[in-house]
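What follows is one structure encoded as structure tokens, with my remarks underneath.
The values are calculated or read from the model by the stated rules, or taken from the named source; none is laboratory data. Predicted model, so just to flag it, every value in this text is computed and none were measured. For neighbour counting, all protein chains shown are included, and Cβ atoms are generated from backbone atoms with ideal geometry for every residue, glycine included.
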Amino acid sequence: MAVPHRLALTHQIGDKPAVLKIDLTSRRAFVVGIADDGGFGFAIAKSLAEAGASVVAGTWPPAMGIFEKLLERGKLDASRKMSDGSLLQFERVYPVDAAFDTLEAAPQALRESKRYASRGDFSVAGAGARLISDFGEKPLDIVVHCLANGSEVHLPLLETSRAGYLSAVGVSAYSLVSMVQRWAPLMRPGGSFLSLTYLASERVIPGYGGGMNAAKAALESDTRVLAYEAGRKYGVRVNTISAGPYASRAASVTGIIDDVVAYYERNAPIQEKLTTPEVANTAAFLVSSLATGITGATVYVDKGYHVMGKGADPDKPAKPAKPEE
């Protein structure tokens with residue numbers, strides 16, 4: 001078996017470089033929200049594996065069949081290739097629908113539908129039971145919450161229904177609360193939860209609707225409260241990454257993602273597109289022993305865009321200065 005490559009941070013001390021290794025050997029990570037190789041979830045799973053962690057994937061049941069076929073047929077092999085030449089391996093792929101804390105909470109019609117019926121217990125509690133069954137009573141070290149869904153994300157807030165709004169908050173924010181409730185007791189000492197948020201929690205992003213702004217604000221607030229409560233009760237850390245926009249397949253449902261990416265690239269301090277490894281490597285650091293002093297934090301990985309109060313608007317011609325009288 002090939003020895004996993006370790007992510008390393010290098011800095012200068014005097015005339016000699018010092019290397020701090022992100023070493024997640026013997027750690028197990030559960031990355032929830034992977035359905036393809038094009039988003040932050042897959043990239044985070046890969047970075048954790050590069051640092052030595054074993055990875056379990058959590059996938060939305062309707063997308064699970066396609067994801068499994070892509071893995072089986074080698075369609076994702078290029079993306080799975082690790083720095084040592086091996087392929088990223090998932091110990092297990094579990095069905096997880098974070099809208100349901102228990103299987104009983106899911107409507108009977110949904111449980112019996114074609115895309116769910118063969119998946120067994122796809123609830124948050126069900127995933128915890130699978131982990132215990134497969135790996136023992138304390139199977140986890142890391143949980144990464146990479147999921148969000150707003151059924152009415154394409155609608156302005158003024159046109160969002162109560163059901164759409166509550167669904168967005170429930171799936172995108174409360175799901176983290178549910179996971180910490182049920183999975184923190186399954187963690188070994190030094191456990192860490194991490195989620196992904198977005199600047200729409202605190203700024204207006206026209207086109208990012210359906211209550212998703214409130215969902216992200218709730219996620220960040222809950223991160224702080226959970227860091228306190230779960231830190232005191234279970235000794236785990238809880239953080240979130242505020243990632244800049246990335247044109248993943250999931251983000252395409254907003255209908256605005258390409259425009260937002262281009263706007264960030266023009267107006268951020270570092271005028272470059274954000275890459276998934278930049279977010280993933282930050283995630284690996286935050287869940288590692290190098291970051292044991294960090295909890296309850298929102299860490300921005302967005303090329304610095306969050307510091308801007310006004311964009312440069314390079315496509316808009318500047319008004320000529322008036323001559324002084």
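Pairing each residue of region 172-198 that is under 15 Å from GLY296 (Cβ atoms) and in contact (Cβ under 8 Å) with a residue 60 or more places away in the chain with any residue that is hydrophobic (A, V, I, L, M, F, W, C) and part of a strand (DSSP E or B), provided the two are 6+ apart or on different chains, yields C-beta distances under 6 Å for SER192/ILE142; LEU194/VAL144. On the given criteria, is HIS154 of a type outside the set (Gly, Ala, Ser) and modelled with pLDDT under 95? Yes, satisfied.
Each row is one residue, and each column tells you yes or no for (1) at pLDDT 95 or above; (2) at negative phi; (3) over 14 Å from the mean Cα position of the chain (by Cα); (4) not in a helix (DSSP H, G or I).
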| residue | (1), (2), (3), (4) |
| --- | --- |
| ALA214 | yes, yes, yes, no |
| VAL225 | yes, yes, yes, no |
| SER242 | yes, yes, no, yes |
| ASP258 | no, yes, yes, no |
| THR295 | yes, yes, yes, yes |
| VAL299 | yes, yes, no, yes |
